[in-house]
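Beneath this line is the structure, given in structure tokens, with notes to follow.
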Amino acid sequence: MISKFKTLGMLLIATGCSFYSFRGSIPPHINSIFISPIENHTTESAAADIVKIELENTFIEENILKLLSANNSDSRLDVVVISFSDIPYSYDTENISSTGYEVLNEKKVEIEAKVSWHDLVKDELLFEKQISGWSVYNPNEKDIGSDQIDNDNDGYTDDDDDDEYGPSRDSAVKIASNKISEQIANEIVSIW
């Protein structure tokens, strides 16, 4: 009977030690973050707002750090959207339009941001990087969820992909912004 308890105890200790959270590599004195208002240096007015929403959602969903006000936070994240492009990506060269030109099949949205994370407790810069995110969409489709495109290159399309829904261009901007927020989160948790 005692050996069963020893085995169970050792199993609990072993499994308890094998679980890691995203916070595993963040400096121990940093428990919270303030996301500064995002600056937008592009002509795409919604880009900064969408990046901010996606960032906040990522921090909440992944439980990385508590989101607090500037006065109560251990760290600050500054993000500047430095470029936004929405350019032709692929054409249909087999079915020439009545005008004699190729038909635009896909456009690519790409967002680039300059990101810096500051330790407010020790008054130091933890990292500063440029990060980008992209997505592809069909400008001829109203709903990105019916365009038969793997919009974010994750191997899934339309109904099989939970982030492919809504107006095509708006959804492409959201997907690109989400990629940026995920990269920022990965940078934060891998800082040490």
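A few comments on the model shown:
- Size of charge dipole - the stretch 34-192 - debye, nearest 20, with Cβ of Lys, Arg +1 and Asp, Glu -1, no other charges: 760
- Nonpolar atom fraction for the stretch 30-130, defined as the carbon and sulfur part of the 1.4 Å probe accessible area, stands at 44 percent.
- Charged-residue dipole, Cβ positions (Lys, Arg, Asp, Glu), the stretch 116-157 about Cα centre, Debye nearest 20: 60
- Karplus-derived 3J(HN,Hα), 6.51/-1.76/1.60, for each residue of the stretch 67-77, Hz, glycine and proline x: 8, 10, 6, 4, 6, 10, 9, 7, 8, 9, 10
- The stretch 120-192 and the stretch 56-104 have their alpha-carbon centroids 6 Å apart.
- Only one residue of 118, 105, 165 has its Cα farthest out toward the positive end of the dipole of the stretch 97-171, where Lys and Arg carry +1 and Asp and Glu -1 on Cβ, and that residue is 118.
- Annotation: per residue accessible area for the stretch 97-184 equals 52 Å², rounded to a whole number [probe 1.4 Å, protein chains only].
The values are calculated or read from the model by the stated rules, or taken from the named source; none is laboratory data. Quick caveat: nothing in here was measured; it's all calculated off a predicted structure. All Cβ positions, glycine included, derive from the backbone under ideal geometry; neighbour counts span all protein chains shown. Accessible surface areas use protein heavy atoms only, side chains included; no ligands, DNA or RNA. Shrake-Rupley method; radii C 1.70, N 1.55, O 1.52, S 1.80 Å.
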